[in-house]
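Step one of this worksheet: look at the structure below.
The values are calculated or read from the model by the stated rules, or taken from the named source; none is laboratory data. What you are looking at is a predicted structure, and each value in this text was computed from that prediction instead of being measured. Reconstructed Cβ throughout: ideal geometry from the backbone, glycine too, with neighbour counts over all protein chains shown. Protein only, heavy atoms only, side chains kept; ligands, DNA and RNA dropped before computing areas. Shrake-Rupley method; radii C 1.70, N 1.55, O 1.52, S 1.80 Å.
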Protein chains: 2
Amino acid sequence: MDITHIEEAYKRLKEIANVTPVSTSKALNELKSASIYLKCENFQRTGSFKFRGAYNAVFLLSPKERARGVIAHSSGNHAQALALAARLFSISCVVVMPSNSSEVKIHAAREYGAEVVMCKPTLEDRIRTTEEIIANSGYKIIHPYDNDDVIAGAGTGVYELIDEVKELDYIFCPIGGGGLISGTSIAAKGMLPNIKVIGVEPKLANDAYLSFTTGKLVPNVNTDTIADGLRTSLSQKTFDIIRENVDDIVLVSEEEIVGAMRFIWEELKFVLEPSGAVSLAGLLKGAVDVKGKRVGVILSGGNVDLEGFFKKYISDKCIG
Amino acid sequence: MDITHIEEAYKRLKEIANVTPVSTSKALNELKSASIYLKCENFQRTGSFKFRGAYNAVFLLSPKERARGVIAHSSGNHAQALALAARLFSISCVVVMPSNSSEVKIHAAREYGAEVVMCKPTLEDRIRTTEEIIANSGYKIIHPYDNDDVIAGAGTGVYELIDEVKELDYIFCPIGGGGLISGTSIAAKGMLPNIKVIGVEPKLANDAYLSFTTGKLVPNVNTDTIADGLRTSLSQKTFDIIRENVDDIVLVSEEEIVGAMRFIWEELKFVLEPSGAVSLAGLLKGAVDVKGKRVGVILSGGNVDLEGFFKKYISDKCIG
């Protein structure tokens, strides 16, 4: 896969996806003595970058495949993204979700028109349930990252960023299953051959770091990182792209993730989910010297469950 | 005061203040069967519309007055706004803050370069302390709303909104001391004589509603509304402008305010403070029929104290 796949995907997406804003902050630029450009995919449709890949993949199905409908197992942003993509093509979508998924996320997938099928909260049962439905119905599975069309769609975010800001010396990108950084690194190096691609990963879900440093694909064991979108492990496909394209991987602690999330909420007044703040946490940590440089940062999503916050807010502050 | 004052203020401000984004939401438009334009003053410098008025007022001081420095008593957004305006003119700024002000707000005023003087948490002591400092130092007081130049600056937000979206049938605006709605109504009716100006006020701080309906200035008694920016009472000046220009005043409950704040955080992924969400709460309530109309909504600020949220967030979710 190369930059031409991403250009093609962008032609499809630019009228359908949001052109997400690029935010800058005087405070952040002063803090890092650099020019920082934040690509705000929390403002993307369905609240994360995932819509780009899901839409591109559904678009590229053959008409016959598409007509049968699509399926994914996901408790998170890919479910919502696929549900909306399916709705835009007026086709069916089934999302298999573990029984411990939050009410908010189940509700969101249904709101976008997906049929939600519950399963036990194990990877085995997710796969078994999904395969049963496919056997009975012929739905086409859209994997959240182990899929070239999803990767190409994911790469359109940085494509749009570089198209707007032109030169960049660095791009910081979170790593979960590796789909976003695969598309991002292919697009970024295709447009700017000298750009450095820095992956950022939670310490508690450091499979990409271990794989990258040992040269051998090492999956995550169970992890509970606050960055719930990054608990998945690389696939062979995304690992190969990362080995080829990524210049370094930085690890961040749970506290550093929350600190970055908070920085954005307080200084820039917008909402990120923990996974969406991981790349900024990697920049703020200072492990990479960016002084005097032009730096892009992919803020990947904003779907945080605010139920607890607003309940507490009301009970603490409302007396009326 | 008329639209020409606001045009003059806008000429001064447009290079200094942020041109704040106008957000739209498919979900919101569908909910209200209308075209809703949200003017996002939470993205203004210092996090609220207050910067517009403070800067305009400092600009219009005589060079001699300005050189002596400025002062205000405020525990909120006006303090930060005045501090930044003073810093941009390289003059001194003193902010008198009650001893029960939050650490975050004291810190913010200092960050923008103000000297913070603490006083007892009563209006009497705020005024006494402020007057003592003025007597000793000659600082010029900049009132947060009972000041024509502050009002003219505040009106530049809606001026910018109408300049961008052209036609509007309604504008929804929060009411605290009445400075924002005074400037907003003068600008809006000056540009679009048929526009309806709807003020929105918390039920727990309904002095403008009572004054508007009885025709007699009625101050707030002590109030603890969650919308801390709207606890102040009208002045004679802002009351006279409201009587002249405002078409209706809608009251909202504490729960309606939090509901509007939450709607924006979840659907649009940006942060509002309670006062900043009051105007949207008034629209969502449905007391004014806006079906098929073009509606502007001033979201006045985003300075909410997230300390408690992030502490709880970490303790609930972090295990690392």
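Considering only residues of the stretch B:300-320 that are open to solvent by less than 20 Å² (accessible area, probe 1.4 Å), at the interface with chain A (Cβ under 10 Å from one of its Cβ atoms) and modelled with pLDDT of 85 or more, which is farthest from B:S23 (Cα to Cα)?
Among those that are open to solvent by less than 20 Å² (accessible area, probe 1.4 Å), at the interface with chain A (Cβ under 10 Å from one of its Cβ atoms) and modelled with pLDDT of 85 or more, it is B:V304.
Away from chain B (no Cβ under 11 Å), out of contact with any strand residue (DSSP E or B) (no Cβ under 9 Å at 6 or more places or on another chain) and not small (G, A, S), is that true of A:L230?
Considered against the rule, which asks whether it is away from chain B (no Cβ under 11 Å), out of contact with any strand residue (DSSP E or B) (no Cβ under 9 Å at 6 or more places or on another chain) and not small (G, A, S), A:L230 comes out as no.
Got at least one residue in the stretch A:207-222 being surrounded by fewer than 21 Cβ atoms within 10 Å (Cβ to Cβ) and touching a strand residue (DSSP E or B) at 6+ places or on another chain (Cβ under 7 Å)?
Scanning the stretch A:207-222 turns up at least one residue that is surrounded by fewer than 21 Cβ atoms within 10 Å (Cβ to Cβ) and touching a strand residue (DSSP E or B) at 6+ places or on another chain (Cβ under 7 Å).
Looking at B:P202, B:P219, which is the one that is touching a Leu at 6+ places or on another chain (Cβ under 8 Å) and under 29 Å from B:R45 (Cβ atoms)?
B:P202
Go through the stretch A:48-71 and give me each residue that's of a type in the set (S, T, N, Q), touching a residue at least 40 places away in the same chain (Cβ under 8 Å) and over 16 Å from A:Y10 (Cα atoms).
A:S48
Would you mind listing the helices (runs of 4 or more DSSP H) fully within the stretch B:1-118 where at least 3 residues are basic (K, R) and surrounded by fewer than 22 Cβ atoms within 10 Å (Cβ to Cβ)?
B:63-68
Residues to consider are B:E244, B:E255; find the one that is closer than 30 Å to A:R45 by Cα, open to solvent by 20 Å² or more (accessible area, probe 1.4 Å) and more than 15 Å from the chain's Cα centre (by Cα).
B:E255
Need a quick list: helices (runs of 4 or more DSSP H) entirely within the stretch A:122-198 having at least 1 residues that are in contact with a strand residue (DSSP E or B) (Cβ under 6 Å, 6 or more places away or on another chain).
Numbers: elements: A:123-137, A:148-154, A:156-165, A:179-191.
Helices (runs of 4 or more DSSP H) meeting the threshold: A:123-137, A:156-165, A:179-191.
Can A:G276 be described as surrounded by 24 or more Cβ atoms within 10 Å (Cβ to Cβ) and modelled with pLDDT of 95 or more?
Judged against the criteria, A:G276 is a match.
Residues in the stretch B:153-166: is at least one surrounded by 24 or more Cβ atoms within 10 Å (Cβ to Cβ) and in contact with a Pro (Cβ under 7 Å, 6 or more places away or on another chain)? Before the answer, list the steps.
The initial filter retains those residues of the stretch B:153-166 that are surrounded by 24 or more Cβ atoms within 10 Å (Cβ to Cβ), namely B:153-159, B:161.
With in contact with a Pro (Cβ under 7 Å, 6 or more places away or on another chain) added as a condition, the list becomes none.
No: the stretch B:153-166 contains no residue that is surrounded by 24 or more Cβ atoms within 10 Å (Cβ to Cβ) and in contact with a Pro (Cβ under 7 Å, 6 or more places away or on another chain).
Under 6 Å by Cβ, and 6 or more places apart or on different chains, what pairs join a residue from the stretch A:214-226 that is more than 14 Å from chain B (Cβ to nearest Cβ) with one that is buried (at least 19 other Cβ atoms within 10 Å of the Cβ)?
A:L217/A:S211; A:L217/A:F239; A:V218/A:D207; A:V218/A:S211; A:P219/A:D207; A:P219/A:S233
If you check B:K269 against the conditions, is it touching a strand residue (DSSP E or B) at 6+ places or on another chain (Cβ under 9 Å) and free of Cβ contacts under 8 Å to residues at least 24 places away in the same chain?
It is true that B:K269 is touching a strand residue (DSSP E or B) at 6+ places or on another chain (Cβ under 9 Å) and free of Cβ contacts under 8 Å to residues at least 24 places away in the same chain.
Considering (1) in contact with a strand residue (DSSP E or B) (Cβ under 9 Å, 6 or more places away or on another chain); (2) of a type in the set (S, T, N, Q); (3) within 30 Å of B:A17 (Cα to Cα); (4) within 14 Å of chain B (Cβ to nearest Cβ), say which one A:N18 fails and leave the rest.
A:N18 satisfies all of (1) in contact with a strand residue (DSSP E or B) (Cβ under 9 Å, 6 or more places away or on another chain); (2) of a type in the set (S, T, N, Q); (3) within 30 Å of B:A17 (Cα to Cα); (4) within 14 Å of chain B (Cβ to nearest Cβ) except (1).
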